[in-house]
Amino acid sequence: SVDLKRTMSTVIIALLPALIYGIYNSGYQYYSQLDVPFTFLDAFIHGSWKILPMIIVSYAVGLSIEFAFAIFRNHPINEGYLVTGLLIPMIMPINVPLWMVAISVIFAVVIGKEVFGGTGMNILNPALTARAFLFFAYPSHMSGDNVWIDTTLEKGQKLIDGFSGATPLADFASGIEYNGSLFASYFNGTIPGSISETSIIAILIGAIILLITGIGSWRTMISVFAGGYVMGLLFNLWGATEFMN
(Lines give C-alpha, C1' and ligand atoms only; values in the text may rest on other atoms or scores of the structure.)
Protein backbone atom coordinates (compact mmCIF):
# COMPACT_ATOMS: atom_id res chain seq x y z
CA SER A 1 0.00 0.00 0.00
CA VAL A 2 3.03 2.29 0.28
CA ASP A 3 3.26 3.55 -3.28
CA LEU A 4 4.99 6.64 -4.65
CA LYS A 5 1.96 8.83 -3.98
CA ARG A 6 1.81 7.86 -0.30
CA THR A 7 5.57 8.25 0.06
CA MET A 8 5.58 11.75 -1.39
CA SER A 9 2.52 12.76 0.67
CA THR A 10 4.27 11.65 3.85
CA VAL A 11 7.39 13.62 2.96
CA ILE A 12 5.30 16.75 2.40
CA ILE A 13 3.71 16.31 5.83
CA ALA A 14 7.21 15.97 7.32
CA LEU A 15 8.24 19.23 5.61
CA LEU A 16 5.36 21.24 7.07
CA PRO A 17 6.89 21.94 10.53
CA ALA A 18 10.00 23.49 8.97
CA LEU A 19 7.91 25.38 6.41
CA ILE A 20 5.49 26.79 8.98
CA TYR A 21 8.31 27.87 11.26
CA GLY A 22 10.18 29.34 8.30
CA ILE A 23 7.15 31.44 7.41
CA TYR A 24 6.95 32.73 10.98
CA ASN A 25 10.69 33.36 11.29
CA SER A 26 10.76 35.34 8.05
CA GLY A 27 8.19 37.70 9.52
CA TYR A 28 9.94 37.68 12.87
CA GLN A 29 13.22 38.78 11.33
CA TYR A 30 11.41 41.51 9.38
CA TYR A 31 9.61 43.01 12.36
CA SER A 32 12.74 42.72 14.51
CA GLN A 33 14.38 45.25 12.17
CA LEU A 34 11.42 47.61 12.57
CA ASP A 35 11.80 47.47 16.36
CA VAL A 36 8.03 47.66 16.90
CA PRO A 37 5.67 45.39 18.85
CA PHE A 38 4.27 42.51 16.80
CA THR A 39 2.34 39.32 17.34
CA PHE A 40 2.82 35.79 16.06
CA LEU A 41 0.02 36.43 13.57
CA ASP A 42 1.73 39.59 12.28
CA ALA A 43 4.95 37.69 11.65
CA PHE A 44 3.17 34.74 10.09
CA ILE A 45 1.12 36.90 7.72
CA HIS A 46 4.18 38.80 6.53
CA GLY A 47 6.12 35.57 6.02
CA SER A 48 3.21 34.08 4.10
CA TRP A 49 3.03 37.15 1.87
CA LYS A 50 6.68 36.61 0.88
CA ILE A 51 6.87 32.81 0.73
CA LEU A 52 3.54 31.63 -0.72
CA PRO A 53 4.21 33.33 -4.10
CA MET A 54 7.52 31.47 -4.28
CA ILE A 55 5.73 28.16 -3.69
CA ILE A 56 3.08 28.99 -6.30
CA VAL A 57 5.73 29.86 -8.90
CA SER A 58 7.70 26.72 -8.09
CA TYR A 59 4.71 24.42 -8.53
CA ALA A 60 3.31 26.22 -11.58
CA VAL A 61 6.59 26.15 -13.51
CA GLY A 62 7.75 22.73 -12.34
CA LEU A 63 4.48 20.90 -12.90
CA SER A 64 4.11 22.48 -16.33
CA ILE A 65 7.47 21.02 -17.33
CA GLU A 66 6.55 17.66 -15.78
CA PHE A 67 3.30 17.58 -17.76
CA ALA A 68 5.11 18.50 -20.97
CA PHE A 69 7.67 15.71 -20.56
CA ALA A 70 4.96 13.21 -19.62
CA ILE A 71 2.98 14.04 -22.76
CA PHE A 72 6.09 13.94 -24.97
CA ARG A 73 7.19 10.57 -23.59
CA ASN A 74 3.65 9.22 -23.32
CA HIS A 75 4.28 8.42 -19.65
CA PRO A 76 1.86 8.80 -16.73
CA ILE A 77 2.24 11.81 -14.43
CA ASN A 78 4.12 10.92 -11.26
CA GLU A 79 4.15 12.65 -7.88
CA GLY A 80 7.88 13.23 -7.68
CA TYR A 81 7.74 16.99 -8.14
CA LEU A 82 5.26 17.49 -5.28
CA VAL A 83 8.16 17.30 -2.83
CA THR A 84 10.71 19.08 -5.01
CA GLY A 85 8.31 21.95 -5.67
CA LEU A 86 8.03 22.61 -1.94
CA LEU A 87 11.69 22.03 -1.13
CA ILE A 88 13.01 24.57 -3.62
CA PRO A 89 11.37 27.62 -1.96
CA MET A 90 12.21 26.27 1.50
CA ILE A 91 15.96 26.35 0.85
CA MET A 92 15.99 29.78 -0.78
CA PRO A 93 16.77 33.15 0.84
CA ILE A 94 13.70 35.25 1.57
CA ASN A 95 14.59 38.01 -0.89
CA VAL A 96 15.23 35.88 -4.00
CA PRO A 97 13.16 37.28 -6.92
CA LEU A 98 10.32 35.14 -8.26
CA TRP A 99 11.79 35.06 -11.76
CA MET A 100 14.95 33.51 -10.34
CA VAL A 101 12.85 30.87 -8.62
CA ALA A 102 11.25 30.09 -11.98
CA ILE A 103 14.60 29.83 -13.78
CA SER A 104 16.08 27.62 -11.08
CA VAL A 105 13.04 25.33 -11.24
CA ILE A 106 13.40 24.97 -15.02
CA PHE A 107 17.08 24.12 -14.67
CA ALA A 108 16.46 21.69 -11.81
CA VAL A 109 13.66 19.78 -13.49
CA VAL A 110 15.19 19.60 -16.96
CA ILE A 111 18.91 19.21 -16.17
CA GLY A 112 18.70 17.68 -12.71
CA LYS A 113 15.90 15.21 -13.38
CA GLU A 114 14.29 14.77 -16.80
CA VAL A 115 17.50 14.30 -18.78
CA PHE A 116 18.13 11.21 -16.65
CA GLY A 117 14.68 9.77 -17.32
CA GLY A 118 12.50 11.35 -14.63
CA THR A 119 11.60 10.39 -11.07
CA GLY A 120 13.74 7.59 -9.69
CA MET A 121 16.28 7.81 -12.49
CA ASN A 122 18.02 11.08 -11.63
CA ILE A 123 21.44 11.08 -9.99
CA LEU A 124 21.11 14.67 -8.75
CA ASN A 125 18.77 16.06 -6.12
CA PRO A 126 16.58 18.51 -8.09
CA ALA A 127 16.03 20.92 -5.19
CA LEU A 128 19.73 21.20 -4.40
CA THR A 129 20.46 21.45 -8.12
CA ALA A 130 18.19 24.52 -8.23
CA ARG A 131 20.02 26.12 -5.31
CA ALA A 132 23.44 25.32 -6.74
CA PHE A 133 22.40 26.82 -10.09
CA LEU A 134 21.30 30.10 -8.49
CA PHE A 135 24.37 30.21 -6.25
CA PHE A 136 26.73 30.17 -9.23
CA ALA A 137 24.52 32.07 -11.69
CA TYR A 138 23.37 34.85 -9.33
CA PRO A 139 25.70 34.77 -6.31
CA SER A 140 24.74 38.24 -5.08
CA HIS A 141 21.18 37.02 -4.55
CA MET A 142 22.22 33.86 -2.72
CA SER A 143 24.90 35.16 -0.35
CA GLY A 144 26.05 38.40 1.18
CA ASP A 145 24.36 40.74 3.64
CA ASN A 146 21.05 41.56 1.91
CA VAL A 147 19.42 38.19 1.21
CA TRP A 148 18.50 36.65 4.56
CA ILE A 149 16.10 39.27 5.92
CA ASP A 150 13.29 41.02 4.05
CA THR A 151 14.28 44.69 3.99
CA THR A 152 11.39 46.22 2.02
CA LEU A 153 8.35 48.13 3.19
CA GLU A 154 5.07 48.47 1.31
CA LYS A 155 5.32 49.87 -2.23
CA GLY A 156 8.94 48.71 -2.42
CA GLN A 157 10.66 51.22 -0.14
CA LYS A 158 13.80 50.00 1.58
CA LEU A 159 13.39 49.24 5.26
CA ILE A 160 17.14 49.36 5.85
CA ASP A 161 20.05 49.80 3.47
CA GLY A 162 21.38 46.38 4.30
CA PHE A 163 21.90 43.81 6.99
CA SER A 164 25.29 42.54 8.00
CA GLY A 165 26.17 40.03 10.62
CA ALA A 166 28.71 37.47 11.70
CA THR A 167 28.64 33.88 10.56
CA PRO A 168 27.35 31.21 12.97
CA LEU A 169 30.92 30.13 13.77
CA ALA A 170 31.88 33.72 14.56
CA ASP A 171 28.76 34.10 16.72
CA PHE A 172 29.71 31.08 18.80
CA ALA A 173 33.27 32.33 19.11
CA SER A 174 32.17 35.75 20.37
CA GLY A 175 29.11 34.66 22.34
CA ILE A 176 26.63 36.86 20.43
CA GLU A 177 22.99 36.19 21.33
CA TYR A 178 19.94 36.64 19.11
CA ASN A 179 16.97 35.83 21.30
CA GLY A 180 17.89 34.37 24.67
CA SER A 181 20.91 32.11 24.86
CA LEU A 182 23.04 31.58 21.77
CA PHE A 183 22.43 27.82 21.75
CA ALA A 184 18.67 28.31 22.13
CA SER A 185 18.62 30.81 19.25
CA TYR A 186 20.23 28.34 16.87
CA PHE A 187 18.22 25.39 18.18
CA ASN A 188 14.86 27.18 18.04
CA GLY A 189 15.67 28.94 14.79
CA THR A 190 15.22 32.63 15.63
CA ILE A 191 18.17 33.56 13.41
CA PRO A 192 18.56 34.80 9.82
CA GLY A 193 18.96 32.12 7.18
CA SER A 194 17.29 30.39 4.26
CA ILE A 195 13.54 30.16 4.72
CA SER A 196 13.24 26.75 6.40
CA GLU A 197 16.78 25.89 7.42
CA THR A 198 17.08 27.67 10.77
CA SER A 199 14.99 25.63 13.25
CA ILE A 200 16.61 22.40 14.41
CA ILE A 201 13.45 21.57 16.37
CA ALA A 202 11.20 21.80 13.29
CA ILE A 203 13.62 19.75 11.20
CA LEU A 204 13.85 17.07 13.91
CA ILE A 205 10.05 16.84 14.04
CA GLY A 206 10.04 16.18 10.32
CA ALA A 207 12.78 13.58 10.70
CA ILE A 208 10.80 11.79 13.42
CA ILE A 209 7.73 11.68 11.16
CA LEU A 210 9.79 10.11 8.39
CA LEU A 211 11.31 7.54 10.75
CA ILE A 212 8.01 6.57 12.39
CA THR A 213 6.32 6.09 9.02
CA GLY A 214 9.26 4.13 7.65
CA ILE A 215 9.76 6.56 4.76
CA GLY A 216 13.11 7.82 6.04
CA SER A 217 16.19 5.77 6.91
CA TRP A 218 18.03 6.42 10.16
CA ARG A 219 21.18 5.06 8.51
CA THR A 220 21.04 7.75 5.84
CA MET A 221 20.37 10.49 8.40
CA ILE A 222 23.19 9.39 10.70
CA SER A 223 25.56 9.04 7.75
CA VAL A 224 24.88 12.59 6.57
CA PHE A 225 25.34 13.98 10.08
CA ALA A 226 28.50 11.93 10.68
CA GLY A 227 29.97 12.99 7.33
CA GLY A 228 29.45 16.68 8.11
CA TYR A 229 30.75 16.31 11.66
CA VAL A 230 33.89 14.43 10.64
CA MET A 231 34.60 16.92 7.86
CA GLY A 232 34.23 19.74 10.39
CA LEU A 233 36.76 18.03 12.67
CA LEU A 234 39.20 17.64 9.79
CA PHE A 235 38.94 21.33 8.88
CA ASN A 236 39.42 22.21 12.53
CA LEU A 237 42.56 20.09 12.76
CA TRP A 238 43.87 21.52 9.50
CA GLY A 239 43.22 25.12 10.51
CA ALA A 240 44.47 26.68 7.27
CA THR A 241 42.37 29.81 7.91
CA GLU A 242 40.69 31.37 10.93
CA PHE A 243 37.33 30.05 9.71
CA MET A 244 38.55 26.48 10.10
CA ASN A 245 39.38 26.89 13.79
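The table below lists the values:
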{"quantity": "Positive-end extreme of charge dipole, the range 1-142 - chosen from F69, V11, P37 (charges on Cβ)", "calculated": "F69"}
{"quantity": "The range 188-226 and the range 63-134: distance between their alpha carbon centers, rounded to Å", "calculated": "22 Å"}
{"quantity": "Lys, Arg +1 and Asp, Glu -1 on Cβ, resulting dipole of the range 21-117 about Cα centre, debye, nearest 20", "calculated": "180 debye"}
{"quantity": "Accessible area, probe 1.4 Å, largest first, for residues T151, T7", "calculated": "T7, T151"}
{"quantity": "Calculated from backbone phi, Karplus (6.51, -1.76, 1.60) coupling profile of the range 70-84 in Hz, x at Gly/Pro", "calculated": "5, 5, 5, 8, 6, 10, x, 6, 10, 9, x, 6, 4, 7, 4"}
{"quantity": "Sequence ranges 208-216, 67-75, 25-33, ranked by mean other-Cβ count within 10 angstrom, highest first", "calculated": "25-33, 208-216, 67-75"}
{"quantity": "Mean Cβ count within 10 Å, highest first, over the residues of peptides 51-58, 193-200", "calculated": "193-200, 51-58"}
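The values are calculated or read from the model by the stated rules, or taken from the named source; none is laboratory data. It should be emphasised that the depicted structure is a prediction, and the values quoted were computed from it without experimental measurement. Don't worry about glycine lacking a Cβ; one is built from the backbone with ideal geometry, like all the others, and counts go over all protein chains shown. The area values use the complete protein model at the heavy-atom level, side chains included, leaving out ligands, DNA and RNA. Shrake-Rupley method; radii C 1.70, N 1.55, O 1.52, S 1.80 Å.
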